[in-house]
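Here the structure is laid out as structure tokens; the discussion comes afterwards.
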Amino acid sequence: MGVFELYRDSDAKFRFRMLDDVGAILAVSEPHEDKASALAAIEAARECAATSRIMDLCSLQFDDLPVKDGGHFLG
């Protein structure tokens, strides 16, 4: 069974990483200012991952990828 590890990074921000059965890192979170928001993000990841679809973007060109802030992907 996998595990979420909650830890503080070198900037003293809270992060978590998701590990598989043998301890390999599957995902690492963005930094969170407080422990409560990191724990809420873990809960959201747990709920979302169980029902998420796979979206394959491999065949798209970098120019085709949407960028949230309206900028350009500099791949």
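The values are calculated or read from the model by the stated rules, or taken from the named source; none is laboratory data. Every value quoted in this text rests on a predicted model; they were computed, and no experiment measured them. Because the Cβ atoms are built from the backbone with ideal geometry, glycine has one as well, and the counts that use them run over all protein chains shown.
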Fill in: Residues of segment 26-60 that turn out to be in contact with an Asp or Glu (Cβ under 9 Å, 6 or more places away or on another chain) and hydrophobic (A, V, I, L, M, F, W, C), as a count
3
Fill in: Residue within segment 23-35 that is surrounded by fewer than 10 Cβ atoms within 10 Å (Cβ to Cβ) and more than 11 Å from the chain's Cα centre (by Cα) present
yes
Discussion item. Tell me the residue from Glu30, Glu47 that is modelled with pLDDT of 90 or more, not in a helix (DSSP H, G or I) and not small (Gly, Ala, Ser), please.
Written reply: Glu30
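Return the residues of segment 37-55 that are under 18 Å from Leu6 (Cβ atoms) and loosely packed, with under 10 Cβ neighbours inside 10 Å; say none if nothing qualifies. Write out each step before concluding.
Narrowing segment 37-55 to residues under 18 Å from Leu6 (Cβ atoms): 37-49.
Correct list: Cys48 only.
Looking at Ala12, is it in a helix (DSSP H, G or I), at pLDDT 95 or above and more than 15 Å from the chain's Cα centre (by Cα)?
Details: in a helix (DSSP H, G or I): no; at pLDDT 95 or above: yes; more than 15 Å from the chain's Cα centre (by Cα): yes.
The answer is no for Ala12.
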